[in-house]
1. When only residues in the range 94-150 that are over 19 Å from the mean Cα position of the chain (by Cα) and among the polar types (S, T, N, Q) count, which is surrounded by the most Cβ atoms within 10 Å (Cβ to Cβ)?
2. Can you tell me how many residues in the range 96-114 are more than 28 Å from Leu47 (Cα to Cα) and either modelled with pLDDT of 90 or more or of a type in the set (Val, Ile, Thr) (or both)?
3. Which members of the range 31-47 meet the condition of being touching a Pro at 6+ places or on another chain (Cβ under 6 Å) and either in contact (Cβ under 8 Å) with a residue 12 or more places away in the chain or open to solvent by 70 Å² or more (accessible area, probe 1.4 Å) (or both)?
4. Among residues belonging to the range 65-95 that are modelled with pLDDT of 95 or more, basic (Lys, Arg) and out of contact with any Gly (no Cβ under 6 Å at 6 or more places or on another chain), point out the one that is nearest to Ala4 (Cα to Cα).
5. Please go through the range 7-30 and pick out each residue that is open to solvent by less than 50 Å² (accessible area, probe 1.4 Å), assigned to a loop (DSSP other than H, G, I, E, B) and either among the basic types (Lys, Arg) or under 24 Å from Ala154 (Cα atoms) (or both).
6. When you scan the range 123-136, do you find a residue that is touching a Cys at 6+ places or on another chain (Cβ under 9 Å), under 20 Å from Pro5 (Cβ atoms) and in contact (Cβ under 8 Å) with a residue 12 or more places away in the chain, even just one?
7. Taking the range 151-180, which residues are touching a residue at least 12 places away in the same chain (Cβ under 8 Å), within 24 Å of Ser27 (Cβ to Cβ) and open to solvent by less than 70 Å² (accessible area, probe 1.4 Å)?
8. Can you run down the residue pairs with Cβ atoms below 8 Å, 6 or more apart or on separate chains, where the first is in the range 92-109 and without any contact (Cβ under 8 Å) to a residue 40 or more places away in the chain and outside any strand (DSSP E or B) and the partner is among the basic types (Lys, Arg) and open to solvent by 70 Å² or more (accessible area, probe 1.4 Å)?
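The values are calculated or read from the model by the stated rules, or taken from the named source; none is laboratory data. Treat the numbers as computed from the prediction; the structure is a model and nothing was measured. Here the Cβ is made from the backbone with ideal geometry for all residues, glycine too, and neighbour counts use every protein chain on show. Protein only, heavy atoms only, side chains kept; ligands, DNA and RNA dropped before computing areas. Shrake-Rupley method; radii C 1.70, N 1.55, O 1.52, S 1.80 Å.
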Amino acid sequence: ERRAPLTPSHVSRLVNSGVEVLVQPSSKRVFTDREFAAAGATITRDLSGANTIMGVKQPLNGSLLPGKNYLFFSHVIKAQPENMPLLDEVLEKKVRLIDYECIREGGGGTTPRLVAFGEFAGMSGMVNGLRGLGLRLLSLGHSTPFLSIGPTHAYTDYSTDARRALRAAGEQVARAGLPA
């Protein structure tokens with residue numbers, strides 16, 4: 001997971017307003033530990049001193065700290081069986097969960113979501129899905145334009161770099177088609 005719930009710029013603003021920000025170290029995240037430290041964050045694995053813990057995806061089962069406030073995509077609102085152990089843990093450990101999916105305009109259940117990770121996750125899934133299709137077809141002996149699409153994390157700007165790669169692959173498919 002390369003996404004982060006806050007950027008170093010956000011961290012800097014929080015620190016400058018007197019908020020202590022703890023960031024767990026990661027070599028995979030899009031922002032480096034050094035960038036977060038330069039913004040004033042304390043880099044530490046131990047989040048037990050934090051009042052509120054933010055993430056993007058749901059944490060591993062069994063890893064929630066009792067009595068804390070958490071913000072992340074939990075997917076428990078959908079009542080999917082695979083997510084119910086997480087809900088059980090939230091209740092058992094008396095965690096206050098703020099699910100990004102439930103943060104909506106005006107607080108309504110059918111109003112637009114205010115947290116935009118969904119749009120970016122969808123774009124990322126499309127890019128990685130087409131790249132994966134290209135790799136799968138290659139393993140079956142078929143070279144396709146999808147091989148020219150890089151993994152999402154390799155693009156610094158979706159609106160230009162990734163779109164350019166997608167457009168080029170699409171144009172090539174339109175001209176030459178796909179293997180039968």
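1. Across the range 94-150, the extreme among qualifying residues is Thr144.
2. Residues meeting the conditions: 2.
3. Phe31, Glu35, Phe36, Ala39, Ile43
4. Lys68
5. Listed by number, the residues that qualify are Thr7, Pro25, Ser26, Arg29.
6. Within the range 123-136, not a single residue is touching a Cys at 6+ places or on another chain (Cβ under 9 Å), under 20 Å from Pro5 (Cβ atoms) and in contact (Cβ under 8 Å) with a residue 12 or more places away in the chain.
7. Passing the criteria: Pro151, Thr152, Tyr155, Tyr158, Ala162.
8. Tyr100/Arg113; Glu101/Arg113; Ile103/Arg113; Glu105/Arg113
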